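Engineer: If you scroll down you'll find the structure; I have some questions about it.
What follows draws every value from the coordinates through simple rules; no lab data is involved. Source: prediction; values computed, not measured. Cβ sites come from the backbone with ideal geometry, for glycine too, and all protein chains shown count toward neighbours.
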Amino acid sequence: MHAVAYRPPPRLRQFAIKDWPTHDRPRERLRTMGARSLSPRELLALLIETGIPATEDRPGRSALDVAGDLLAWFSPHEGAESLRRIMNASFAALCEVPGIGPAKAAKIHAALDLGRRAIEEARPELERLASARAVYDRMRFSMRDLPQEEFRLLLLTLNCDLLREVVVARGSLTGCGITPREVFQAALAENAYGMVVVHNHPSGETDPSPADRAFTHQLDQGSLVVGVQLLDHVIIGEHKYFSFAEEGQLSAGWGVAPRR
């Protein structure tokens, strides 16, 4: 593909990026506000990193200037489809743009192709857990024979698809020290809609202890504040389970809107 005639874009800044206010710099905005807050020109500038030094004959060009030049070089219609053209351009064509050498061309090609591959990746099918029985069937073989109590957290989407299983605490034969804060930290880190707490009783019995009930009540009240739905707390025993949701002891539950 032949590059279109080069049309330098207008200079938006007349001084180097390092001289900008810190909160305006592309790297700082990427860190604090995310990549979507940056324009294609600014994202390319992060890859290009350095501009063109000034000489006696011409002023210097910042990385942002060079990024703008690159977009203009490969755009016949004021920026339209320039990223696609850059992604499919040869190394030699990229290096025709002043300020773009082989190393920068390689970084640009790599970044754009990573984006293309991410789009092409198929999202893995998630396991759906929509009832206490489904949770028990999934967890019983890995938890019923543990020699000590263990608390695990199943983090779910709005549709009850499993995002992640997390071990949040391990204890002794008779107990396990755990706080609601540890549970909510894990749920918020995964940006989960809902969560199911699962723990085992090494004795094989599933009747909740007073400590189990108190802890579940703390989680139930905290979930209303934090905004992560506590769908259930399931106790795994020998060939049986106990579900706080099925017993009607939670503000929310499987398919039930939380009470406010």
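Engineer: Counting other beta carbons within 10 Å of each residue's own, what order do Phe244, Phe91 fall into, fewest first?
Structural biologist: Values: Phe244 25, Phe91 13.
Result, fewest neighbours first: Phe91, Phe244.
Engineer: Below 8 Å between Cα atoms, with a sequence gap of 6+, how large is the relative contact order for segment 17-120 in percent?
Structural biologist: Values: 100 pairs, mean separation 19.6, N = 104.
About 19 percent, as a whole number.
Engineer: For segment 17-120, give the magnitude of the charge dipole about the Cα centre (Cβ charges: +1 Lys/Arg, -1 Asp/Glu; no others), in debye to the nearest 20.
Structural biologist: Working: 15 positive and 14 negative charges, 87 e Å.
The calculated dipole for segment 17-120 is roughly 420 debye.
Engineer: Further question on the same structure: Quick one: the Cα spread of segment 17-120 along its three principal axes, in angstroms, biggest first?
Structural biologist: That works out to 42, 35, 27 Å along the principal axes.
Engineer: Using every alpha carbon pair in segment 139-257, what percent of pairs falls into each 10 Å bin from 0 up to the bin containing the largest distance?
Structural biologist: 14, 50, 32, 3
Engineer: In debye to the nearest 20, how big a dipole does segment 132-243 give about its Cα centre with +1 on each Lys and Arg Cβ and -1 on each Asp and Glu Cβ? Kindly include the intermediate steps, with their values, before the conclusion.
Structural biologist: Numbers: 10 positive and 14 negative charges, 18 e Å.
Result for segment 132-243 is approximately 80 debye, rounded to the nearest 20.
Engineer: Of Pro53, Ala89, Ala72, which is farthest towards the positive pole of segment 17-120's charge dipole, taken about the Cα centre with +1 and -1 on the beta-carbons of Lys, Arg and Asp, Glu respectively?
Structural biologist: Ala89
Engineer: Would you work out which of Gly34, Ile108, Ser62 lies farthest towards the positive end of the dipole of segment 17-120? Charges go on Cβ: Lys and Arg +1, Asp and Glu -1.
Structural biologist: So the residue furthest toward the plus end is Gly34.
Engineer: I would also like to ask the following. Per-residue HN-Hα couplings for segment 83-92, Karplus 6.51 cos²θ - 1.76 cosθ + 1.60 at θ = phi - 60°, whole Hz, x for Gly and Pro?
Structural biologist: Result, ordered by residue: 5, 5, 5, 5, 4, 9, 6, 6, 4, 4 Hz.
Engineer: Further question: Taking R0 as 22 Å, what's the FRET efficiency between Arg27 and Ser90 from their Cβ-Cβ distance, rounded to 0.05?
Structural biologist: Values: r = 29 Å, r/R0 = 1.31.
Efficiency, from the Cβ-Cβ distance: 0.15.
Engineer: Based on the Cβ-Cβ distance from Glu125 to Leu188, what FRET efficiency comes out when R0 is 35 Å, to the nearest 0.05?
Structural biologist: On the way: r = 25 Å, r/R0 = 0.71.
The calculated FRET efficiency here is 0.90.
Engineer: How do Val196, Val226 line up, fewest other C-beta atoms within 10 Å first? Show your work: numbers first, answer last.
Structural biologist: Details: Val196 28, Val226 17.
Ascending number of Cβ neighbours within 10 Å: Val226, Val196.
Engineer: Kindly provide the GluC sites (Glu not before Pro) of segment 94-130 that DSSP labels as loop, not H, G, I, E or B, and whose Cβ sees at most 16 other Cβ atoms within 10 Å.
Structural biologist: Working: sites: Glu96, Glu120, Glu121, Glu125, Glu127; in loops: Glu96, Glu121, Glu125, Glu127.
Counting only loop positions with at most 16 other Cβ atoms within 10 Å, the GluC sites (Glu not before Pro) in segment 94-130 are Glu96, Glu121, Glu125, Glu127.
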